[in-house]
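The values are calculated or read from the model by the stated rules, or taken from the named source; none is laboratory data. Keep in mind that what you see is a predicted model, and the values were worked out from it rather than measured. Quick reminder, even Gly has a Cβ in these numbers, built from the backbone with ideal geometry, and neighbours come from all protein chains shown.
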Amino acid sequence: MEAESAPANQEWPNEERTVEQLAQSRARIEKELSKVIVGQKGPIEEILIALLAGGHCLITGAPGLAKTLLVKSVAQIFHLKFQRIQFTPDLMPADITGTEILQETDEGRHLNFVKGPIFANMVLADEINRTPPKTQAALLEAMQEHQITASGVRHPLEEPFFVLATQNPIEMEGTYPLPEAQLDRFMFNVVIDYLPEDEEVEVVKQTTSKKPEPIEPIFTGEDVLRFHQTVRAVPVADEMVRYAVRLAAASRPNQKETLDFVNQWISWGAGLRAAQFLILGAKVRAVLQGRSHVINEDIQKLANPTLRHRILTNYRAEAEGVSVEDIIQKLLDQVKPI
């Protein structure tokens, strides 16, 4: 089956038709993913939203929950070049970005740049918290500028470009937690949890009986870039934008009119990017559901993946057993839509 895309000499459909196309494609995407992935509808939707919004994802989950398989399968559906980088304590920045090597030619010796694995459309940074900060920082320029610099020369990355980084929340010894500035560059922090018993039974049956069916591509990289333009054109009422801004601002302690529990449990709150990603993600969610406008529910459903890595709790919250998700729920309860 060939990847479906608009012919080069044909104009991209108008925005309304593209909204309809994306809404219809959601069922096809879920059908293809169901060939290899059982359950995990929430994480799948969040990763898909980030992809269509042009954002990067941090994926948190225990080993063996198909994080790598999920990312690879999404890349196949969108016909994107996929690369997996296993982060280890001895990994160097040049191992990711690439390096210059001296080569002998008929005209003499020349330095040639050999591209690293980051030159792909979708890069899986596996166990990103197992490598030192120097190597983690090698991703910063790539994630923000979609380019890398080697020996003073800039090398643009292929478009579209996404980084999906995984981290294991169980083993924290010998790891290097990402600093807040780098966490803020990820649009979502997607949490993949254990499956219910019935779904685990289905996984065991599928993986021990026969090989999974191959995933068929539905779109191309060019389609993804067009979807990005369509998503950004989705109108949003000022009330929705103000609601997202107030929700993010309410998480900041020691501000004017800060809620009491925020001052008690939070040492650092969400910044401006949180509101930006809430609105951008809400636009994608609206489109995937066949709507051409954002509603309150879109923002509320994306509050957890958007805010959970942008809110830093203090020792008091830890001592009282208060999680980031508990705080986000209290914010949703007390910050009402306009």
For this session: Would you check if there is a residue in segment 275-291 being free of Cβ contacts under 8 Å to residues at least 60 places away in the same chain, more than 30 Å from ARG28 (Cβ to Cβ) and not charged (D, E, K, R)?
Result: yes
Exercise. Quick one: in segment 140-149, which of the residues that are hydrophobic (A, V, I, L, M, F, W, C) and in contact with a strand residue (DSSP E or B) (Cβ under 6 Å, 6 or more places away or on another chain) is nearest to ASP184 (Cα to Cα)?
Worked result: MET143
For this session: Please specify each residue of segment 140-152 satisfying the condition of being in contact with a Ser or Thr (Cβ under 9 Å, 6 or more places away or on another chain) and part of a helix (DSSP H, G or I).
Result: GLU141, ALA142
Exercise. Does segment 32-41 include one or more residues that are closer than 20 Å to ARG226 by Cα and in the same structural domain as THR166 (by TED's automatic domain parsing)?
Worked result: no
For this session: From (1) of a type in the set (S, T, N, Q); (2) modelled with pLDDT of 90 or more; (3) within 22 Å of the chain's Cα centre (by Cα), pick out the condition that doesn't hold for SER267.
Result: (3)
Seminar exercise, completed: Being outside the structural domain of ALA27 (by TED's automatic domain parsing), of a type in the set (Lys, Arg) and outside any helix (DSSP H, G or I) narrows LYS256, LYS283 down to just LYS256
Problem set entry | Hits in segment 230-253 (condition: in contact (Cβ under 8 Å) with a residue 60 or more places away in the chain, under 22 Å from THR313 (Cα atoms) and part of a loop (DSSP other than H, G, I, E, B)) | ALA250, SER251
Problem set entry | Extreme residue, surrounded by the most Cβ atoms within 10 Å (Cβ to Cβ), among residues of segment 259-274 that are part of a helix (DSSP H, G or I) and in contact (Cβ under 8 Å) with a residue 12 or more places away in the chain | ALA274
Problem set entry | Residues of segment 93-120 that turn out to be surrounded by 13 or more Cβ atoms within 10 Å (Cβ to Cβ) and either free of Cβ contacts under 8 Å to residues at least 12 places away in the same chain or in contact with a helix residue (DSSP H, G or I) (Cβ under 6 Å, 6 or more places away or on another chain) (or both), as a count | 5
Exercise. Within segment 153-202, restricting attention to residues that are free of Cβ contacts under 8 Å to residues at least 40 places away in the same chain and in a loop (DSSP other than H, G, I, E, B), which residue is nearest to the chain's Cα centre (by Cα)?
Worked result: LEU157
Seminar exercise, completed: Looking across segment 203-228 at residues that are under 27 Å from the mean Cα position of the chain (by Cα) and either over 23 Å from ALA120 (Cβ atoms) or surrounded by fewer than 15 Cβ atoms within 10 Å (Cβ to Cβ) (or both), the single one that is modelled with the highest pLDDT is LEU225
Exercise. Can you tell me how many residues in segment 302-329 are buried (at least 16 other Cβ atoms within 10 Å of the Cβ) and within 14 Å of ALA248 (Cα to Cα)?
Worked result: 14
Problem set entry | Lone unmet requirement of (1) over 21 Å from ALA50 (Cβ atoms); (2) of a type in the set (A, V, I, L, M); (3) assigned to a loop (DSSP other than H, G, I, E, B) for LEU331 | (3)
For this session: Can you confirm whether segment 68-78 contains a residue that is assigned to a strand (DSSP E or B), in contact with a Lys or Arg (Cβ under 7 Å, 6 or more places away or on another chain), under 27 Å from PRO305 (Cβ atoms) and assigned by TED's automatic domain parsing to the domain that holds PRO156?
Result: no
